[in-house]
Amino acid sequence: MMTPEHYEQSMQDLNLAVYMFGKRVSDLGSEPLLRPSRNAVAKTYEMAHRPEHQAVMTATSHLSGKQINRFTHIFQNTQDLVLKTRMGRLLGAHTGCCFQRCVGMDALNVLSIITHAIDQAKGTSYTERFNRFLAHVQENDLVCDGAMTDPKGDRSLAPHEQADPDLYLRVVEERRNGIVVRGAKAHQTGALNSHEVIVMPTATLREADREYAVSFAVPANTSGITYILGRQSCDTRRSENSPMDMGNLYFGGHEVLMVFDDVFVPWERVFMYKEFEYTGPLVEKFTAYHRQSYACKVGVGDVLIGATQTVAEYNGVAKASHVRDKIVEMNHLNESLFCATLACAYEGHAEPGGTYIVDSLLANVFKHNIAQFPYVLARIAQDIAGGLVVTLPSEADFRAPVTGPLMQKYYRGAASASTENRMRILRLIEAMTMGSLAVGYLTESLHGAGSPQAQRIMIARLVNMKEKQSFAKKLCGIQEDLPADYQP
Ligand code: SF4
Ligand code: FE
């Protein structure tokens with residue numbers, strides 16, 4: 001397994017084509033806006049080397065029998081799924097943000113299922129290819145970006161009906177030794193910290209969209225791939241050289257638009273090619289896995305609850321009964337989320353190829369709550385923090401000779417806390433509930449792994465309504481049977 005230092009070096013060597021504020025970024029490793037996100041991924045390496053976390057952070061490869069980072073593992077049993085949830089909470093709590101490595105893990109697992117399914121039905125040899133790629137990822141302990149979301153253009157039109165056919169990623173040329181693809185993937189979490197990019201189709205596709213039914217992996221620095229960094233609220237605070245104003249001094253996330261401008265992919269790296277019938281199962285299983293992954297938000301919730309209790313003490317209100325009750329509510333909601341992500345893991349099952357997958361209905365219910373509860377936690381945190389969370393002057397003012405003493409005097413809270421510590425915890429709450437970290441804790445909770453309506457559609461599809469109605473009808477003496485093709 002790689003060390004954090006080795007990981008840093010391996011990313012420097014890639015020299016990705018990244019653009020930010022209109023210019024190419026020459027050195028990603030020393031760019032202050034990106035440093036916190038690189039630190040967060042490095043943490044996934046560091047924690048795997050700590051003896052006290054190895055049971056959660058590492059696994060035994062079913063291919064090589066060697067110890068590997070759990071982020072590169074194919075789930076072999078229910079316990080693997082449970083440990084995935086625990087890993088998400090652990091890392092969320094240690095970073096307070098998105099640590100970016102889950103999408104690739106979920107992509108690897110879904111491809112292990114789908115390549116097997118296509119091979120069984122069509123006699124292809126995708127599993128062999130995929131396992132060679134997986135062995136490379138496990139052996140070298142690589143970060144994979146899972147690239148699913150296309151820009152999508154006009155949402156009412158199918159991919160081939162779009163005015164610009166590139167709005168969904170597609171195959172534009174077939175060659176003897178591989179394929180050429182064109183298009184883009186949006187909202188790519190952690191792409192600039194990834195060694196490999198795993199591309200998957202974004203939706204269930206029909207025959208007319210066969211060119212779009214493609215899945216493959218390419219090194220992140222492959223010629224023709226361009227990255228454009230997405231802005232985050234308060235992002236430039238990272239380059240102000242006043243760490244206190246960042247709230248979280250060490251960690252953060254990033255998202256990019258990733259453009260594929262006629263990128264060549266050798267056959268060896270292609271895992272689905274025009275088998276459009278398998279796009280639906282791929283998307284459904286991937287989203288189930290990735291919805292479970294939002295266990296990360298439970299760990300981030302732990303940080304926000306800890307920050308809220310701390311600011312309550314610093315403000316001198318920790319003993320007020322309504323404040324205590326609000327913090328109980330935060331814990332109740334956060335632990336309810338944990339219950340649901342654990343439940344979908346414990347109710348998991350083996351797919352025909354042997355890979356374990358979570359219970360899809362429960363994973364969707366969990367993610368649907370993730371789209372709501374963090375907003376309630378954030379509201380309570382702001383409520384208890386008070387208005388200072390948005391009116392506090394800068395660290396530079398705090399350090400300056402005229403304004404510093406005035407801030408020391410007038411921003412003092414309870415005698416037990418220093419003004420500086422009170423400012424630090426307020427800045428952390430600001431960052432997590434409306435600043436750069438709110439991307440990961442709030443908006444990503446809402447839209448990441450699918451917006452709330454996507455989960456409602458899945459919940460409607462997956463519940464056994466017929467069975468529920470038959471329970472009710474039996475109890476009150478209704479004799480009629482529902483027709484076999486009944487849909488509520
Ligand atoms: Fe992982 Fe959570 Fe970030 Fe998604 S949002 S990549 S699940 S840490
Ligand atoms: Fe995500």
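Results, tabulated for the structure shown:
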quantity	calculated
With every protein chain in place, the chain: carbon and sulfur % of accessible area (1.4 Å)	53
Thr58 long-range amide H proximity, modeled H, under 5 Å	Arg70
Set Lys84/Lys326; Lys84/Lys297; Lys84/Lys185; Lys43/Lys152; Lys43/Lys66; Lys43/Lys297 screened for pairs whose C-alpha atoms are more than 24 Å apart	Lys84/Lys326; Lys84/Lys185; Lys43/Lys152
Mean Cβ count within 10 Å, highest first, over the residues of peptides 66-72, 108-114, 259-265, 210-216	108-114, 210-216, 66-72, 259-265
When the chain is reduced to its Cα atoms, the Kirkwood hydrodynamic radius in Å	23.9
Protection proxy ranking of 90-101, 317-328 - average other beta-carbon atoms within 10 Å, highest first	90-101, 317-328
Principal axis box of region 1-139, alpha-carbon based, largest edge first, Å	48, 37, 22
Part-to-part distance (alpha-carbon centres) for region 1-72 and region 104-154, which is given in Å	20
Acute angle (nearest 10 degrees) that the helix 373-385 long axis makes with the longest principal axis of the chain, alpha-carbon atoms	10
Ordering of 52-63, 387-398 by burial proxy (mean other Cβ atoms within 10 Å per residue, highest first)	52-63, 387-398
Region 137-224 - Debye-derived log10 I(q)/I(0), Cα point model, q = 0.22, 0.23 Å⁻¹	-1.11, -1.18
Residue-level accessible surface for Asp13, protein heavy atoms, 1.4 Å, Å²	110
Semi-axis lengths, Å, region 292-467, gyration tensor of Cα atoms, sqrt of 5 times eigenvalues	40, 16, 13
Among Leu462, Met432, Gly448 the positive-end extreme of the charge dipole of region 420-479 (Cβ point charges)	Leu462
Contact order relative to length of the chain, as percent, for alpha carbon pairs under 8 angstrom and 6 or more apart	18
Accessible area in the full protein assembly, largest first, 1.4 Å probe, for Lys152, Lys468, Lys409, Lys473	Lys409, Lys468, Lys152, Lys473
On Cα atoms only, tilt of 4-14 relative to the major axis of the chain in degrees	60
Accessible solvent surface per residue of the chain, calculated while the other protein chains remain in place, 1.4 angstrom probe, Å²	42
Nearest 10 degrees, 0 to 90: helix 419-433 Cα axis against the chain principal axis	20
Mean separation of Cα contacts under 8 Å (6+ apart) over length of region 351-488, as relative contact order %	33
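The values are calculated or read from the model by the stated rules, or taken from the named source; none is laboratory data. As the structure is a computational prediction, the values presented were derived from the model and not from experiment. Using ideal geometry, Cβ is built from the backbone for each residue, glycine included, and neighbour counts are taken over all protein chains shown. The protein model used for the area step is the full one, side chains on, heavy atoms only, and it has no ligands, DNA or RNA in it. Shrake-Rupley method; radii C 1.70, N 1.55, O 1.52, S 1.80 Å.
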